[in-house]
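Have a look at the structure below, then the notes.
The values are calculated or read from the model by the stated rules, or taken from the named source; none is laboratory data. These numbers were taken from a predicted model, which means no experiment stands behind them. Positions of Cβ are generated from backbone atoms using ideal geometry, with glycine treated the same way; all protein chains shown enter the neighbour counts.
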Amino acid sequence: MVEAVATRDAGETALAAFRRHLLGAGGLLDRVAACDTEALRRLRTVNRVIAADVREQAARAVALLEDGLGHRFHAQGDDHAAIK
């Protein structure tokens, strides 16, 4: 995956290179479908990395919302229980 992005042609976006590596003919999903165990291991790693990033982004968003709403409600004299 990193190699596909690093060696992409000039003008090709990183997302397009990733998509090509994953979905293109002979790409990672084709190799998994052909029972390539190394490709399956790599795909599982990709899934873990993406899932971890999504969880991290969600946690940051929740923290920002809680912080922003907490200041707003404290300023009005309300407690957090009102927003849960």
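Selection of segment 34-43 for residues being surrounded by 10 or more Cβ atoms within 10 Å (Cβ to Cβ) and of a type outside the set (D, E, K, R) yields A39, L40, L43. Pairs meeting the criteria (first residue in segment 21-41 and closer than 21 Å to A6 by Cβ and without any contact (Cβ under 8 Å) to a residue 60 or more places away in the chain, second residue of a type in the set (G, A, S) and surrounded by 15 or more Cβ atoms within 10 Å (Cβ to Cβ), beta carbons under 6 Å, at least 6 apart or on different chains) are H21/A4; H21/G27; L28/A39; R31/A39. Among the numbered criteria (1) more than 15 Å from the chain's Cα centre (by Cα); (2) of a type in the set (V, I, T); (3) surrounded by 11 or more Cβ atoms within 10 Å (Cβ to Cβ), which single criterion is violated by V46? (1) is the only condition that V46 fails.
Please report, ordered by residue number, the helices (runs of 4 or more DSSP H) entirely within the chain with at least 1 residues that are at pLDDT 85 or above and touching a helix residue (DSSP H, G or I) at 6+ places or on another chain (Cβ under 7 Å). The qualifying helices (runs of 4 or more DSSP H) are 14-23, 28-33, 37-76.
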